[in-house]
Amino acid sequence: MTGSRGEGLVLKSLSGFHYVQASDGEVYECRLRGKIRARVLTGDQVVYTTLENNRGVIEEILPRSTQLYRPPIANVSMLFIVLAYARPRPSLMALDRLLIMAEWHGLESCIVMNKSDLTPEPEAVSIIEYYPQIGYQLLQTSALNGQGVEELTGVVGNSIAVLAGPSGAGKSSLLNLMLPDVSLEIQEVSRKLGRGRHTTRHAELFSLHEGGWIADTPGFSALELPRMKREELAMHFIEFQEPASGCRFADCLHHQERDCGVKEAVNRGEIASFRYENYVSILGEVIEKERSYQ
Ligand SMILES: Nc1nc2c(ncn2[C@@H]2O[C@H](COP(=O)(O)OP(=O)(O)OP(=O)(O)O)[C@@H](O)[C@H]2O)c(=O)[nH]1
Ligand SMILES: [Mg+2]
Ligand SMILES: [Zn+2]
């Protein structure tokens, strides 16, 4: 109906047009009301009024709960970290860095161990054993035989999700299974990724039949580290929290200090030594970066 007002979600923006999905699933091609100076992002929740032929005008951008920057997407609440049993061999360091990024951006993480049809590399076994035990959600999937794909869709729930993980882990393959209707578009995106140029230009959300949305874009990579102070890092290692209450110094960095509850937990085998080693290595980087901000 022309002239009616509604709230919707921006699925993508292209050349000044924003594609807004209403709650009934209808998509409106909208311009932004001229007097509004703000930038519309994929993922924005907006108020629009309708014109003829499924066109509309965005009247207001509602406040964002989260914001990713490269590419910009608003209101993402879920990150899938897609790794493989093998080919490529999973990197424990990349996983820890992605978990830090996710938490820093306020996203919930779900670790997806894909290619469960292959023999797992030792790192994959460590991930499957350790991370659920410290409280992370982990799914095992195979885009080859479909294992776990329904669960994956279920985890999205009603939220906006993005994917991250190394090239070749199977992100596009999993998306193709989750989004049977849009396989062509997914493939187009993979080809773009292959060229490595336009990957961050535009982000598009795809609507899942079961509810929720998923973006065809990583949001951020394991190479990035958020800007933080050295004492903030340990907060992102969830299993350090309890043992840290046994540290002698309140500002303990769990590195060179004496009487450190975290190091004692590592020695007792309660914290995996690879996690602690990753922590120390990332701590070095955070301290290095801290200097460059001063
Ligand atoms: N055996 C097996 N192979 C898979 C599985 N999932 C994906 N592959 C294969 O792994 C290769 C890479 O899959 P993609 O889906 O392109 O991986 P990607 O994560 O999207 O990679 P980038 O787009 O480069 O980041 C392809 O040859 C897929 O056929 C799986 O579950 N099992
Ligand atoms: Mg891909
Ligand atoms: Zn300590």
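The values are calculated or read from the model by the stated rules, or taken from the named source; none is laboratory data. Nothing here was measured: the structure is a model prediction, and the numbers come from that model. Note that each Cβ is placed from the backbone with ideal geometry, even for glycine, and that neighbours are counted across all protein chains shown.
Specify which of the listed residues (VAL182, VAL155) is modelled with pLDDT of 95 or more, surrounded by fewer than 20 Cβ atoms within 10 Å (Cβ to Cβ), over 22 Å from ARG87 (Cβ atoms) and away from ligand 2 (no atom under 12 Å from the Cβ).
Values: VAL182 fails: modelled with pLDDT of 95 or more.
So the residue among VAL182, VAL155 that is modelled with pLDDT of 95 or more, surrounded by fewer than 20 Cβ atoms within 10 Å (Cβ to Cβ), over 22 Å from ARG87 (Cβ atoms) and away from ligand 2 (no atom under 12 Å from the Cβ) is VAL155.
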Check segment 277-290 and report whether any residue there is modelled with pLDDT under 90, exposed (fewer than 14 other Cβ atoms within 10 Å of the Cβ) and either in contact with a Lys or Arg (Cβ under 8 Å, 6 or more places away or on another chain) or not in a helix (DSSP H, G or I) (or both).
yes
Out of SER159, SER116, SER126, which single residue is hydroxyl-bearing (Ser, Thr, Tyr) and out of contact with any strand residue (DSSP E or B) (no Cβ under 6 Å at 6 or more places or on another chain)?
SER126
Pull out all pairs, ordered by first then second residue, where Cβ-Cβ is under 6 Å, the residues are six or more apart or on different chains, the first lies in segment 9-38 and is closer than 17 Å to LEU205 by Cβ and assigned to a strand (DSSP E or B), and the second is modelled with pLDDT under 95 and of a type in the set (D, E, K, R).
LYS12/GLU204; TYR19/LYS12
SER173 vs. criteria assigned to a loop (DSSP other than H, G, I, E, B) and either more than 16 Å from ligand 2 (Cβ to nearest atom) or on the phi < 0 side of the Ramachandran plot (or both):
no
Failed item, numbered, when ARG55 is tested on (1) under 17 Å from the mean Cα position of the chain (by Cα); (2) modelled with pLDDT of 95 or more:
(1)
Answer with yes or no whether MET93 is touching a helix residue (DSSP H, G or I) at 6+ places or on another chain (Cβ under 8 Å) and farther than 25 Å from ASN158 by Cβ.
yes
For the structure I just gave you, tell me whether ARG64 is among the basic types (Lys, Arg), surrounded by fewer than 17 Cβ atoms within 10 Å (Cβ to Cβ) and closer than 23 Å to LEU175 by Cα.
no
For segment 223-237, give me the residue count where each residue is in a helix (DSSP H, G or I) and surrounded by 14 or more Cβ atoms within 10 Å (Cβ to Cβ).
5
When you scan segment 28-42, how many residues do you find that are modelled with pLDDT of 95 or more and either closer than 18 Å to ASN53 by Cβ or over 27 Å from the mean Cα position of the chain (by Cα) (or both)?
6
Here is a check on your reading of the model: is GLY168 surrounded by fewer than 19 Cβ atoms within 10 Å (Cβ to Cβ), away from ligand 3 (no atom under 16 Å from the Cβ), farther than 14 Å from LEU79 by Cβ and touching a residue at least 40 places away in the same chain (Cβ under 8 Å)?
yes
Count - residues of segment 212-231 that are touching a residue at least 40 places away in the same chain (Cβ under 8 Å) and over 17 Å from the mean Cα position of the chain (by Cα)
4
